[in-house]
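Before any comments, here is the structure.
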Amino acid sequence: MNGRLHANENMNKQAILRDFIETVWNQGKIDAIPDFIAAQYHIEHDPGDPWDGQRLDVAGFQNRVAQSRAPVPDQCFDIQALFDSDDSVCMTWLWHGTHLGEIAGIPPSGKTLRMSGATVYRFDGQRISGHWQVADRLGVFQQLQANR
């Protein structure tokens, strides 16, 4: 495999996932996405996510990250625990970020938003090929309403 991350075929999937979360989601380095995800990424289950059920190519995934980060550009996922099996890694996480752009028609408040969740990331070899997720989006909506 090409890509800066995957030169070592035996690289631990947990290490790949940690690097993916830090580089792509926390730092917003969208150009690094091809180093992490497979040619097709399947969002198997993610209620409340506009991309729920979709299969995305690399460009589609890059668009998803850009749109997701836009209203909360300083967002950060704090990994709480990782559990793995043959082809997947489950991550429990806490998320926070500053509400600096419109979300669901609600103008920016400048306040910190918080959420928790669990995501099972599927792997195809050393690349992430999809996820199944539950997240407290209702809690975020309640925070947005309280910040109006």
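At-a-glance table
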| item | result |
| --- | --- |
| Residue that is modelled with the lowest pLDDT, among those in segment 124-140 that are farther than 15 Å from Asp46 by Cβ and buried (at least 16 other Cβ atoms within 10 Å of the Cβ) | Gln126 |
| Total residues in segment 49-83, condition of a type in the set (Phe, Trp, Tyr) and within 21 Å of Val140 (Cα to Cα) | 2 |
| Selection from segment 112-128 of residues that are of a type in the set (A, V, I, L, M) and farther than 19 Å from Gly139 by Cβ | Val120, Ile128 |
| Of all residues in segment 98-111 being part of a strand (DSSP E or B) and within 15 Å of Phe141 (Cβ to Cβ), the one that is most open to solvent (accessible area, probe 1.4 Å) | Ile103 |
| Close pairs (6 angstrom Cβ cut-off, 6 or more residues apart or separate chains): at pLDDT 95 or above in segment 7-23, assigned to a helix (DSSP H, G or I) and of a type in the set (Gly, Ala, Ser) anywhere | Thr23/Ala32 |
| Scope segment 64-84; condition surrounded by fewer than 17 Cβ atoms within 10 Å (Cβ to Cβ), polar (S, T, N, Q) and within 12 Å of the chain's Cα centre (by Cα); matching residues | Gln67, Ser68 |
| Tally of residues being touching a strand residue (DSSP E or B) at 6+ places or on another chain (Cβ under 6 Å), without any contact (Cβ under 8 Å) to a residue 40 or more places away in the chain and among the charged types (D, E, K, R) across segment 66-122 | 4 |
| Enumeration of residues in segment 112-123 that are open to solvent by 60 Å² or more (accessible area, probe 1.4 Å) and over 19 Å from Phe36 (Cα atoms) | Thr112, Arg114 |
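The values are calculated or read from the model by the stated rules, or taken from the named source; none is laboratory data. Fair warning: this is a prediction, and the values are worked out from it, not measured in the lab. Every residue, glycine among them, receives a Cβ derived from its backbone with ideal geometry; neighbour counts consider all protein chains shown. We work out accessible area using only protein heavy atoms, side chains counted, and drop any ligands, DNA or RNA first. Shrake-Rupley method; radii C 1.70, N 1.55, O 1.52, S 1.80 Å.
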